[in-house]
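The values are calculated or read from the model by the stated rules, or taken from the named source; none is laboratory data. These numbers were taken from a predicted model, which means no experiment stands behind them. As a convention, Cβ positions derive from the backbone with ideal geometry for all residues, glycine included, and neighbour counts pool all protein chains shown.
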Amino acid sequence: MSWEPVIGIEVHVELMTNSKMFCGCAVAFGAEPNTRTCPTCLGLPGALPVPNKVAIESIMSIGLALNCQVSPRSVFHRKNYFYADLPKNYQISQFDVPVCHDGYLDVEVDGETRRVGIERAHMEEDTGKSMHLGAGGRIHAAEGTLLDFNRSGVPLVEIVSRPDIRGAVESRAYAQQLRSVVAELGVSDARLEEGSIRFDANVSIRPEGEELLGTKVEIKNMNSFRSLERAVDFEIGRQIDLVESGGLVVQETRHWDEEAGVTHSMRTKEGSSDYRYFTEPDLVPMVMDEEWVDEVRGRLPELPADRRRRYEQQGLDRQGAGVLSGMDAELRAIYEEAVRSGAPAKAAATWLTGEVIGWARKHKVESSALLLDGAGLAELIEMVDEGLVSSSAAKEVLDGVLSGGGAPGVVAKDHDLLQMKDRDALEAAVDQVVAAHPGAVEGFRQGEEKVVGFLVGQVMKATQGKADPRAVNQILRAKLSE
Amino acid sequence: MIDSSISEAGRRLRSGEVTALSLLKTALDTAGRTEAQLHAFLTLDTEGARQAAAQADADFADGIDLGPLHGIPVALKDNMCTRGVETTAASQILAGYLPPYDATVVTRLRSGGAVVVGKTNLDEFAMGSSTENSAYGTTYNPWDLTRVPGGSSGGSAASVAAGSSLAAFGSDTGGSIRQPASLCGVVGMKPTYGTVSRYGLIAFASSLDQIGPFTRTVEDSALALQAIWGHDPHDATSYAGDYPDPTNGLGRGVEGLRIGLVSELSGEGFEPAVETATGAMVASLESAGAEVSEVSLPTFDIALSAYYLIAPAEASSNLARFDGIRYGLRVDGSTTEELMSRTRAEGFGPEVTRRILLGTYSLSAGYYDAFYGQAQRVRAAIQEDFARAYQQVDVLVSPTSPTVAFEAGARTADPLAMYLSDICTIPSNLSGHPAISVPIGLDDAGLPIGFQVMAPALGEEVMYQAAAEVEHLAGFSISPTAIEGAL
């Protein structure tokens, strides 16, 4: 039997607001433990939450970027469970009226566009962090636990996809695409390694053609896109093997073990599954009127998908547009300026995604530190087009520009890379070569076409590569035919 | 004891007839003589109070006037956080807890020059109607030391009645200010929900809790309210619009005022003396020119049931934070779960445990809709009932408590009988409306009877207008007799 994997992904995004979700404490990664706390985020008796408007605007912008509806009125709920790093032993979250709902994200997989539905994006607060001492950081047999509440109350957006994802590669593509949207919006660091974006996947399988969903398993602890892909891939295989050998998938949470490359059933139950949600009585409903939504919409930056479409309209092919639209803002800015300065889009994109990125990688230079601007790139492209430099010399010019040698024209002159355009000088060089190789000239007259290439090569050599090969070819043929 | 009103003491402070230090000394002396019998206070902050009184005297000498409570000795229910002063909510689980911050109400009182004498006793986490649920012992009624002062703010009510403070502040979730005020013969008021900040009030039921004053007179009540209310950016449920002037209606009389007597708050369970006194007051109000009618609010009959689903539900969540991890009592265990459950089992008293269990149950999957959800629908129906009534009348009146102060221990074995103590007061919490209890007389045994005036949201002006007339008509200004010797 052939099986279809069905996957839904939950993404937690930590917002990069100045202050926490419900208090004025600074949001700061890596601060001394428990120095970014106050009565509210420590859950002290009597302390109350006050919502952060910027965080609400951030989730609105995430929702709008994911083509969601923004609820005109949204409510906070309490999610009740006991855990040592959850100071109130309830998390302020959302339940039946999230800020955003019913959107989608278009994801490119193997050159095809797949539309993944977004069920909801809701606002909540993060928990503190537990650090288990000894026992390799695991809770079992730990000698003690330290609690850091700096992260407690940091605004968190949970984005829940519909079970529209059909494989491990697609899971990874969705996660990457979502990360790029969030990064583009500037609402989060979106750094996987710092945990500011985290993924859980719900994986099930069903026979191909079946409508009903199979029993889902939630997998956690994927710390990179690669581990997400591996974990989903493993889990699909595990479920298929299990079912095909007569077993049944049980609904559970499984932990991805990166080293072993397998998922394990999580034996520690994290609190109860009955969260006893009820409306947070310390907060009033949020009202997101049309005016506010429009204001947030008006401030949205261009998103990768829109940008890719625009690049295609500028003349890039689908793949080139995709590659360029996913690149750093600094590199894209060079492209945009080059095109504004008159460079053909395709040439500008090819140079950037090829030579320029290659140079940056080789020299380990951040794209923000590149000594190339769009006008410079346009100048370089124009020099090639006009035959002022050969394409190989152009690479040397680029190297000179990126190394701090100045504008392309200056570098080409300084390094003597300009092509010989002077007709008389070229003719003289051709004459010399013709005189020096009578055998080759005789060969041409006998009909040996290939000697032309040889003679052009000799001219190029004699001119240290500065001659325009097209011009040389033309002059040479004229002379040989005399 | 301090036998004067805030306004009178304030006049004397400003004329130099008394000093804040001498007022404080009288209050502390009174406490010294009565506390052994009353046990109104959990903590007396003698040193802090002395400094505040000395500062007030210095201010008066410098011509600085911070308002009506400047130099006045006040007491705070021990569920309001006071920086560096032990705050326990009368629970073992918070024994020795020193808050790192002042509640907004405390900040306002201090910046208004009030002299905070100490922290008063309450039913643990404000859950109860007799102050017998305190982990630190019962408070007794100054009118009869065998009886309860009511609750949960029983310590604050007893302190004002006994004269160890001129005003005290309590919290009212289902009647916890008005009912003890009624049983102790003082004025107790619950403001419109959202007008007094809850920041720093240890939450019982967040959607119902509201801080308010105990005073000896209606005018003092309005002055004390003005000192604490107003928008607070630390409380997201704080009202940010215009506030009425509660002193505006004082002395205006009730000529033409439409007063509705709630028909549901009488009959079975109401003591004859209470009904007689209530009837007599309604007749007096009519004689004074009010248009009195009887108004039916049928949902009042189910308000108590709704309250005992909503309040425990919120409490079960609000009290989850007391887990032994960060502050307060910790009873160790071999796992975190064991540490938490042992701490909570030992730290909470029986009534608190009962309500946490009730609330947890009513929020549980499968029960939510039948219990919590249904209670919220009843709450909405009560609000509609009130709205209909206020189309016909300006204020509603009723007894504050169906009975006078009952014997200590009489209802401790029967939680339902105890819950019925709040039958008259709970509807105003569910609607978020202001209400006040004014003493109108004594029964044959010499125990005080309270009269409740309710008004629509932000109707404090008309509420005080009616309450002042009730006070005037009752002519009640008798001090408690039971501890007379000590006084």
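Table for the structure above
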{"quantity": "Selected residue [buried (at least 20 other Cβ atoms within 10 Å of the Cβ) and either closer than 30 Å to B:V186 by Cβ or modelled with pLDDT of 95 or more (or both)] from B:R377, B:R344", "calculated": "B:R344"}
{"quantity": "Among the residues listed as B:S129, B:S111, the single one being out of contact with any strand residue (DSSP E or B) (no Cβ under 6 Å at 6 or more places or on another chain), more than 12 Å from chain A (Cβ to nearest Cβ) and surrounded by 24 or more Cβ atoms within 10 Å (Cβ to Cβ)", "calculated": "B:S129"}
{"quantity": "Failed item in (1) within 14 Å of chain A (Cβ to nearest Cβ); (2) buried (at least 24 other Cβ atoms within 10 Å of the Cβ), with B:G96 passing the rest", "calculated": "(2)"}
{"quantity": "Single residue of A:G387, A:G342, A:G404 found to be free of Cβ contacts under 8 Å to residues at least 60 places away in the same chain and part of a loop (DSSP other than H, G, I, E, B)", "calculated": "A:G342"}
{"quantity": "Every residue from region B:306-326 that is within 7 Å of chain A (Cβ to nearest Cβ) and surrounded by fewer than 24 Cβ atoms within 10 Å (Cβ to Cβ)", "calculated": "B:A320, B:R321, B:I325, B:R326"}
{"quantity": "Residue list for region B:1-38, filter: without any contact (Cβ under 8 Å) to a residue 40 or more places away in the chain and basic (K, R)", "calculated": "B:R11, B:R12, B:K25"}
{"quantity": "Residue count for region A:407-427, restricted to those that are in a helix (DSSP H, G or I), among the hydrophobic types (A, V, I, L, M, F, W, C) and at pLDDT below 85", "calculated": "2"}
{"quantity": "Identity of the residue in region B:189-203, within 11 Å of another protein chain (Cβ to nearest Cβ) and in a loop (DSSP other than H, G, I, E, B), that ends up surrounded by the most Cβ atoms within 10 Å (Cβ to Cβ)", "calculated": "B:I202"}
{"quantity": "Hits in region A:92-122 - residues which are more than 23 Å from the chain's Cα centre (by Cα) and either within 14 Å of another protein chain (Cβ to nearest Cβ) or of a type in the set (V, I, T) (or both)", "calculated": "A:I92, A:S93, A:F95, A:D96, A:V97, A:V99"}
{"quantity": "In region A:76-115, residue modelled with the lowest pLDDT [restricted to those that are among the aliphatic types (A, V, I, L, M) and out of contact with any Leu (no Cβ under 8 Å at 6 or more places or on another chain)]", "calculated": "A:V109"}
{"quantity": "Filter result for B:S293 (farther than 18 Å from B:P402 by Cα, in contact with a strand residue (DSSP E or B) (Cβ under 6 Å, 6 or more places away or on another chain), of a type in the set (G, A, S) and touching a residue at least 60 places away in the same chain (Cβ under 8 Å))", "calculated": "yes"}
{"quantity": "Scan of region A:89-133 for residues that are surrounded by fewer than 16 Cβ atoms within 10 Å (Cβ to Cβ), touching a helix residue (DSSP H, G or I) at 6+ places or on another chain (Cβ under 8 Å) and not small (G, A, S), ordered by number", "calculated": "A:D106, A:D110, A:M131"}
{"quantity": "Conditions (1) assigned to a loop (DSSP other than H, G, I, E, B); (2) within 28 Å of the chain's Cα centre (by Cα): number failed by A:V284", "calculated": "(2)"}
{"quantity": "In region A:44-91, the residues that are within 14 Å of chain B (Cβ to nearest Cβ), touching a strand residue (DSSP E or B) at 6+ places or on another chain (Cβ under 8 Å) and β-branched (V, I, T)", "calculated": "A:I56, A:V75"}
{"quantity": "Candidates A:A428, A:A440, A:A467 - the one that is surrounded by fewer than 17 Cβ atoms within 10 Å (Cβ to Cβ), small (G, A, S) and over 34 Å from the mean Cα position of the chain (by Cα)", "calculated": "A:A428"}
{"quantity": "Count of region B:327-346 residues which are part of a helix (DSSP H, G or I), within 12 Å of another protein chain (Cβ to nearest Cβ) and not aliphatic (A, V, I, L, M)", "calculated": "6"}
{"quantity": "Which numbered condition A:G326 fails, given (1) more than 30 Å from B:P233 (Cβ to Cβ); (2) free of Cβ contacts under 8 Å to residues at least 40 places away in the same chain", "calculated": "(2)"}
{"quantity": "Qualifying positions in region B:101-137 - closer than 22 Å to B:T343 by Cα and touching a Leu at 6+ places or on another chain (Cβ under 7 Å)", "calculated": "B:F125, B:S134, B:Y136"}
{"quantity": "Selected residue (criterion: nearest to B:L94 (Cα to Cα)) from residues of region B:347-366 that are at the interface with another protein chain (Cβ under 10 Å from one of its Cβ atoms) and surrounded by fewer than 19 Cβ atoms within 10 Å (Cβ to Cβ)", "calculated": "B:Y361"}
{"quantity": "Unique residue being under 14 Å from the mean Cα position of the chain (by Cα) and either surrounded by fewer than 20 Cβ atoms within 10 Å (Cβ to Cβ) or closer than 23 Å to A:V109 by Cβ (or both) when the list is A:G209, A:G186, A:G144, A:G195", "calculated": "A:G186"}
{"quantity": "Test: residue in region B:253-274 that is among the β-branched types (V, I, T) and assigned to a loop (DSSP other than H, G, I, E, B)", "calculated": "yes"}
{"quantity": "Hits in region A:69-88 (condition: within 30 Å of A:G167 (Cα to Cα) and surrounded by 19 or more Cβ atoms within 10 Å (Cβ to Cβ))", "calculated": "A:V70"}
{"quantity": "Condition met for B:P149 (without any contact (Cβ under 8 Å) to a residue 60 or more places away in the chain and farther than 17 Å from B:L28 by Cα)", "calculated": "no"}
{"quantity": "Helices (runs of 4 or more DSSP H) wholly inside region B:410-487 containing at least 2 residues that are buried (at least 20 other Cβ atoms within 10 Å of the Cβ)", "calculated": "B:426-431, B:460-474"}
{"quantity": "Qualifying residue in region B:205-216 (condition: buried (at least 24 other Cβ atoms within 10 Å of the Cβ), at pLDDT 95 or above, part of a loop (DSSP other than H, G, I, E, B) and away from chain A (no Cβ under 14 Å))", "calculated": "yes"}
